[in-house]
Amino acid sequence: MAVTVCPITPGFAAEIGDVDLSARLEPADLAAIKEAFTTYAVLVFPDQHLSQDQHLDFARAFGPLETTIALFRKDTKLRLRQEFADVSNLDSDNKVWGENSRRRMFELGNRLWHTDSSFKLLPARASLLYARSIPPIGGHTEFADERAAYDALPEDMKRRLHGLVAEHSIFNSRARLGFTEFSDEERQNMPPVPQAMVRTIPENGRKSLYLASHAGRILGMPEQEGRALIDQLIAHATQRQFVYTHRWRVHDLVMWDNRCTMHRGTRFDDLRWKRDVQRATVSDVANSCAQEGIAVAAA
Ligand code: OGA
Ligand code: MN
């Protein structure tokens with residue numbers, strides 16, 4: 001039976017049914033999923049029963065996988081394979097984290113609107129987040145459609161943004177929360193990187209804003225002016241009409257296109273409930289400036 005694509009919103013999120021992601025996919029089914037991923041940018045696959053390997057194998061159908069930035073810390077004990085971003089509230093013994101634990105403070109960055117790994121020169125193309133356990137209240141994930149947000153900009157703003165480049169860094173998003181506890185090794189391994197502020201999705205030619213709380217200064221602009229513009233654009237792009245809120249059920253796998261969406265997690269009682277969500281992340285093919293043909297002088 002062929003996969004079914006059922007829109008959740010008219011053009012942003014869709015549910016994919018009649019598919020078992022634990023098994024090798026028929027080429028026609030994979031093609032249908034890729035096509036839906038281009039049309040929509042958020043796909044929900046309900047009721048999937050996946051081992052870590054099966055989750056990673058499905059993700060690999062979309063390209064090479066990232067490894068977790070937690071490896072840049074010597075004190076890390078991984079709960080999951082190194083290809084996963086552990087987005088749960090659990091420590092390496094599967095216990096709920098401590099109130100003042102470093103990981104809790106760091107992961108609070110996921111409450112800010114962002115797109116994954118824009119702080120890497122080669123950012124993330126797709127993320128595939130799988131829920132093994134979820135809290136009864138809260139802990140949703142909100143997604144913003146940055147293609148629709150771009151389309152809705154006034155023409156003079158579109159002209160202004162053309163060719164602009166922002167500097168992204170994980171230290172920017174964490175600094176917004178007052179978090180600065182990074183090791184020298186982390187600082188050396190994650191220098192700020194340039195990213196185009198507007199990008200074109202090659203599969204369909206649609207233009208999209210490319211924003212994140214990782215973005216700091218805009219090249220060629222006074223720092224304060226750049227940051228003000230980024231905040232204004234994030235506020236624009238996350239208006240309710242551009243947002244789909246995913247309310248998780250256990251065994252959902254949700255896949256999104258980081259090139260043209262932002263997301264953030266909503267609050268829940270994370271000292272009481274386990275929220276075990278695990279993310280496989282597919283790398284993009286090139287830096288966004290390179291894809292847009294924007295030459296950036298080396299910093
Ligand atoms: C992520 C992320 C938010 C959430 O997995 O990249 O930001 O709701 N998740 O867990
Ligand atoms: Mn994220």
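Read the figures in this text as sums done on the coordinates, not as results from a lab. All values reported here derive from a predicted model rather than from experimental measurement. Heads up, the Cβs are rebuilt from the backbone with ideal geometry, glycines too, and the neighbour counts pull from every protein chain shown.
Under 8 Å by Cβ, and 6 or more places apart or on different chains, what pairs join a residue from the stretch 183-201 that is free of Cβ contacts under 8 Å to residues at least 60 places away in the same chain and buried (at least 20 other Cβ atoms within 10 Å of the Cβ) with one that is β-branched (Val, Ile, Thr) and not in a helix (DSSP H, G or I)?
Note: pairs meeting the criteria are Met197/Val165; Met197/Ile218.
Name the residue, out of Ile234, Ile230, that is within 16 Å of ligand 2 (Cβ to nearest atom) and either within 17 Å of the chain's Cα centre (by Cα) or farther than 30 Å from Gln54 by Cβ (or both).
Values: Ile230 fails: within 16 Å of ligand 2 (Cβ to nearest atom).
The match here is Ile234.
Out of all the residues in the stretch 228-241, is one or more crowded, with 16+ Cβ neighbours inside 10 Å and assigned to a strand (DSSP E or B)?
Taking the stretch 228-241 and keeping what is crowded, with 16+ Cβ neighbours inside 10 Å, we get 229-230, 233-234, 236-238.
Add one more test, that the residue is assigned to a strand (DSSP E or B), and what stays is none.
No, the stretch 228-241 contains no residue that is crowded, with 16+ Cβ neighbours inside 10 Å and assigned to a strand (DSSP E or B).
Among the candidates Asn172, Asn110, Asn100, Asn204, which residue alone is farther than 24 Å from Ala61 by Cβ and assigned to a loop (DSSP other than H, G, I, E, B)? Show your work before the answer.
Details: Asn172 fails: assigned to a loop (DSSP other than H, G, I, E, B); Asn110 fails: assigned to a loop (DSSP other than H, G, I, E, B); Asn204 fails: farther than 24 Å from Ala61 by Cβ.
On inspection, the qualifying residue turns out to be Asn100.
Does Ile218 satisfy being β-branched (Val, Ile, Thr) and over 30 Å from Glu35 (Cα atoms)?
Numbers: β-branched (Val, Ile, Thr): yes; over 30 Å from Glu35 (Cα atoms): yes.
Answer is yes for this residue.
Return the total of residues in the stretch 207-227 being outside any strand (DSSP E or B), within 19 Å of Phe171 (Cα to Cα) and among the small types (Gly, Ala, Ser).
Adding up the residues that qualify gives 3.
Assess whether Glu167 counts as being in contact with a Pro (Cβ under 9 Å, 6 or more places away or on another chain) and outside any loop (DSSP other than H, G, I, E, B). Break it down stepwise before answering.
Working: in contact with a Pro (Cβ under 9 Å, 6 or more places away or on another chain): yes; outside any loop (DSSP other than H, G, I, E, B): yes.
Spelling it out, Glu167 is indeed in contact with a Pro (Cβ under 9 Å, 6 or more places away or on another chain) and outside any loop (DSSP other than H, G, I, E, B).
For the stretch 15-52, how many residues meet the condition of being under 21 Å from the mean Cα position of the chain (by Cα) and part of a helix (DSSP H, G or I)? Break it down into steps so the answer makes sense when it comes.
First, the residues of the stretch 15-52 that are under 21 Å from the mean Cα position of the chain (by Cα): 15-16, 21, 33-46, 48, 50, 52.
Remaining after also requiring part of a helix (DSSP H, G or I): 33-39, 52.
Here the count works out to 8.
Please tell me if Leu128 is within 27 Å of Val44 (Cβ to Cβ) and part of a strand (DSSP E or B).
Details: within 27 Å of Val44 (Cβ to Cβ): yes; part of a strand (DSSP E or B): yes.
Yes, satisfied.
Filter the stretch 279-298 down to the residues that are outside any loop (DSSP other than H, G, I, E, B) and within 16 Å of ligand 1 (Cβ to nearest atom), then identify the one that is surrounded by the fewest Cβ atoms within 10 Å (Cβ to Cβ). Talk me through it step by step, then tell me what you get.
Taking the stretch 279-298 and keeping what is outside any loop (DSSP other than H, G, I, E, B), we get 279-283, 288-292.
Right, trim to within 16 Å of ligand 1 (Cβ to nearest atom) and you get 279-283.
Values: Arg279: 22, Ala280: 27, Thr281: 25, Val282: 23, Ser283: 17.
Among those residues, the one meeting the criterion is Ser283.
When the stretch 64-110 is examined, which residues are found to be of a type in the set (Lys, Arg) and without any contact (Cβ under 8 Å) to a residue 60 or more places away in the chain? Please lay out each step first, then the result.
So in the stretch 64-110, the residues of a type in the set (Lys, Arg) come out as 73-74, 77, 79, 81, 95, 102-104.
Lys77, Arg79, Arg81, Lys95, Arg103 - these are the residues of the stretch 64-110 that are of a type in the set (Lys, Arg) and without any contact (Cβ under 8 Å) to a residue 60 or more places away in the chain.
Identify, from the list Glu83, Glu66, Glu99, Glu146, the residue that is more than 12 Å from ligand 1 (Cβ to nearest atom) and crowded, with 21+ Cβ neighbours inside 10 Å. Can you show your working first?
Values: Glu83 fails: crowded, with 21+ Cβ neighbours inside 10 Å; Glu66 fails: more than 12 Å from ligand 1 (Cβ to nearest atom); Glu99 fails: crowded, with 21+ Cβ neighbours inside 10 Å.
On inspection, the qualifying residue turns out to be Glu146.
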